[in-house]
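J.: Let me give you the structure first, and then I'll get to my questions.
Nothing in this text is a laboratory measurement; each read-out follows from the coordinates by a stated rule. What you are looking at is a predicted structure, and each value in this text was computed from that prediction instead of being measured. Heads up, the Cβs are rebuilt from the backbone with ideal geometry, glycines too, and the neighbour counts pull from every protein chain shown.
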Amino acid sequence: MPEVRVLEEYCKSCELCIKFCPRGVLAVGNRPNDRGYFPVVVTYPEKCNGCAICGLVCPDVALEIYK
């Protein structure tokens, strides 16, 4: 099963990964990181098919996708 990991310290909550995820796996979290942003969280990991679109659109390279 594919796995998405969010590197919270790099995420600035631009929400591009959320908008481009075809399966709605990601959402904005409710806990700020050290820089004051609310990093993205994986809400539905079972829906992920490992397409890696989220990682490709992330300008901060804050997502790791493992297949």
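J.: Would you kindly state the longest site-free stretch of the chain, with sites defined as GluC sites (Glu not before Pro) in a DSSP loop (not H, G, I, E, B) surrounded by at most 14 other Cβ atoms within 10 Å?
T.: Segment 16-67 is the longest.
J.: Sticking with this one: From the backbone phi of region 17-30, what are the Karplus-calculated ³J(HN,Hα) couplings (6.51 cos²θ - 1.76 cosθ + 1.60, θ = phi - 60°) in whole Hz, Gly and Pro given as x?
T.: With the stated coefficients, region 17-30 comes to 4, 5, 5, 8, 5, x, 10, x, 7, 10, 8, 6, x, 10 Hz.
J.: Same structure, new question: Over region 3-66, what relative contact order in percent results from Cα pairs under 8 Å that are six or more residues apart?
T.: It comes to 46 percent, rounded to a whole number.
J.: So what is the calculated 222 nm ellipticity per residue for the chain, using -39500 (n - 2.57) for each DSSP H run with n of 4 or more, over all residues, to the nearest 500 deg cm²/dmol?
T.: After summing the helix terms and dividing by the residues of the chain, the value is -3000 deg cm²/dmol.
J.: Charges only on Cβ, +1 for Lys and Arg, -1 for Asp and Glu: so what's the dipole of region 3-66 about the Cα centre, in debye to the nearest 20?
T.: 200 debye
J.: Using θ = phi - 60° and the Karplus form 6.51 cos²θ - 1.76 cosθ + 1.60, what ³J(HN,Hα) does each residue of region 52-58 get, whole Hz, x for Gly and Pro?
T.: 6, 4, 4, x, 6, 8, 6
J.: Counting Lys +1, Arg +1, Asp -1, Glu -1, what net charge surrounds N49 among other residues with beta carbon under 15 Å of its beta carbon?
T.: +1
J.: Let me ask another. Any number yet on Rg/Rh for the chain, C-alpha, Kirkwood?
T.: Rounded to two decimals, Rg/Rh equals 0.93.
J.: Can you list residues whose amide H is under 5 Å from L7's amide H, if they're 5+ apart or on another chain and H is modeled 1.01 Å from N?
T.: HN-HN under 5 Å from L7: L63, E64.
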